[in-house]
Every structure is written in structure tokens, then in C-alpha cells.
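Okay, structure first, notes after.
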């Protein structure tokens, strides 16, 4: 029996890569399954999903703009239009089940599916659920979560603890530390830091690192620095005198290499980044992005800090504190070991398959 499944959502790598991991797992279990993605026009998913070999339809939808209120004037019309586009897609494709992974496009598609009585599954990645998912959760058949105590957002009997899906090239990576370091033009036997601010970069992390680049050379510590597009040229210029120890990239495609090469990671606290760091067992200093919806990155990071599985610095304190925290952590072997052991306990490299089985179980 050929099953037809829609996966809706996107907006950032944090939503798209887990969605693709779920699609791949569905195909692994039931190769005949037909999968259609629905995303937001002009967003990252319109490029990344076809690259992964799947078909995608785009909705004309945008999120609430907190920085420019004028842009919200068109929002009610966009929502209405996206709801009618979602209805057409559902009527044409006629799915057996719909999976929502969060992001703008998730709500209209899930809403229309629930109205038509099609079973829906929510993949809630964060420790603090978004408003849209809380509304959808009332009628969803299952809600797959990655954190404890999610009963305050969703009906307890629908919650399944699955963890967040991580890309296969990270969970199944076989690269050695030597090869990973060589890939970045770095030397073995030296401590190495990987600083990453998500797919778009992180201003606070970048601006905290720029003034301390000389210290990396003084202390003979190496830095792999993913800056994101907006800061790349500035960082490249700042790092030029320290090229032996500091390697600057706008974007890194081989994340498994970057993780394997590093002894400590400095990162935002998006759900995908956290899921990956748990699987690769890396000591991490989180600098949560404070403007994420419901400040969920701070909640995500705090849940690890409370388990002594990570350190955290507030966004506004990064400039003053990141250097000291980072260099003292690198000297503290006992703490490095404790963080590595504790974060490793939270890793789940099998979440994609568990979620895929939950999806297929909805289809009678």
C-alpha cells in the first residue's frame, strides 16, 4: 500500500534538516511512501528540500515581524491566502497523514488537515513550545518531543519522547580527528575551538571573538570560525594576521568534520544544534539567541546547564565573558570531561526512525 505523507514547515536549517531526516527515515522503512514537503516561498527550504531529492510546494506566508510593524499590515491577507493554498495542496495530494515540524508553513497545512480529519503529528523541537504548536496540539494525534516536562504545553496522553532528528552525515560520520583537522588546514595535538552561530551566523558570538583572536595565537589554540554571511568579510580581515591558528568560513557544509576537529564548541542554542552536540558529545558554551520566539533558546540551553551538560553565557554578556570562560574551560580537564560525559547521555541518534514509525502508525 502506497502511503502519501505531507511534511510541512521550515524557515531555518533547524526546521529543515530534521524534516529531511524524518523523510529519509520514512523512505527507509517504507520505500514506496510518497512524500510532499510544503514550505514558505523565498525561504531556505525551497532550495534545500529539492537538493535532498524531494518535491516541495511553497506557500505565500510570513511570520510576525517584531522589528518592523508596518510589514505586518499584509499579514492577515497572507495568512488567508496561505490557508487557501494549503487547502488546495491537501485536496490535490490527498495525504494519509501530515507532519508539522514548526516554522511559518506548518500552521496553515496542519490546520487544514485537522479540519478534514487527516491525522497530524507535531514534531516539537524546543523545550518551550511555540504558540502555533500549542493550538495545533489540541487536535494532533501525536506530539513528538525532545525535552521533559512538555505536559504544560500539550495533552500528556499524546506526548512521545523521541529526541530531535539529527542528519545522517553527523550520526554516521566515520571521519578521524586527524583528517578533520587537516581538512581545515589545522595541526594535530593542539586544542581546537569551533564557533558557530547557526546557518546565518551570530552577531554576539562574532563580536566577542574578533577582539580576542591574538589570544588564540598566544595560547597556541586553534579556532574554526563559522561567521555566517553578514560578518564574513569583517571576520576575514580581522583574522588575516592570525591565519596560522584562525580559520574563517561563511558557512560549513561538513559539520561532522568541524565537530570532530574541535575540543570545545561555542554555539547558539537552537534545537538542531543541541541535538547534534549531544550526539557528537562535545563540551559546549551556549550563547542563546534572545529574540527567538518565546526566548526558547534560553530554555533549551538551561535544560542542559541544569544537568551539568553545558555552560551558558547570556547574549549581552558575550563580549565581556566569552574569552575568559572559553580559555579557562580549555584549561580545566575535569570540567571538560564532566561536560562531555553528561551531554553524551542526552544524545539520541535514532530519533528520525522513532518519529517515522510514529507517523506510519497513524495510518490505518
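On the principal axes of its alpha carbon atoms, segment 1-70 extends 49, 18, 16 Å, with the longest extent given first. Considering helices alone, the calculated mean residue ellipticity of the chain at 222 nm is -12500 deg cm²/dmol, with DSSP H runs of length four and up weighted by -39500 (n - 2.57) and normalised per residue. Taking other Cβ atoms within 10 Å as a rough exposure proxy, 12, 192, 234 sort from fewest to most as 234, 12, 192.
Note: segment 1-159, Cα convex hull, 116 Å³ per residue.
Peptide packing: for 278-287, 315-324, 30-39, 220-229, the average count of neighbouring Cβ atoms within 10 Å per residue gives the ranking 278-287, 220-229, 30-39, 315-324, highest mean first. Principal axis analysis of the Cα atoms in segment 196-329 yields extents of 39, 30, 26 Å, listed in decreasing size.
Under a Gaussian network description of the chain, with springs only between Cα atoms under 10 Å, the residue in 113, 182, 25 that fluctuates furthest is 182.
Over segment 117-231, calculate the relative contact order: mean separation of alpha carbon pairs under 8 Å at least 6 apart, over the residue count, as a percent. Working shown, then result.
Details: 132 pairs, mean separation 21.5, N = 115.
Result for segment 117-231 is 19 percent.
Across segment 243-305, how large is the tail of the calculated P(r) beyond 19 Å, expressed as a percent of all Cα pairs? Counting pairs separated by more than 19 Å, the tail of P(r) holds 36 percent. Across the chain, C-alpha contacts under 8 Å between residues 6 or more apart give a mean separation that, scaled by the residue count, equals a relative contact order of 16 percent. Between residue 236 and residue 361, the simple spin-label model (points 7 angstrom out along Cα→Cβ) gives 5.0 nm. Here the label points at residue 41 and residue 214, each 7 Å from Cα along the C-beta direction, are separated by 5.2 nm in the simple model. Each peptide in 167-179, 123-135 gets a packing score, the mean of other Cβ atoms within 10 Å over its residues, and the list from highest to lowest is 123-135, 167-179. Label positions at residue 316 and residue 151, each projected 7 Å from the Cα along the C-beta direction, are separated by 3.5 nm.
From largest to smallest, the equivalent ellipsoid semi-axes obtained for the chain from the alpha-carbon gyration tensor read 37, 21, 19 Å.
Relative contact order for segment 170-344: what is it in percent, counting Cα pairs under 8 Å that are at least 6 residues apart? Mind showing how you got there, number by number?
Numbers: 308 pairs, mean separation 40.8, N = 175.
Computed value for segment 170-344: 23 percent relative contact order.
All of the numbers you see were taken from the coordinates with simple rules; none came from a lab. As the structure is a prediction and not an experimental result, all values here were calculated from the model. Ideal geometry is used to build each Cβ from the backbone, glycine not excepted, and the neighbour counts take in all protein chains shown.
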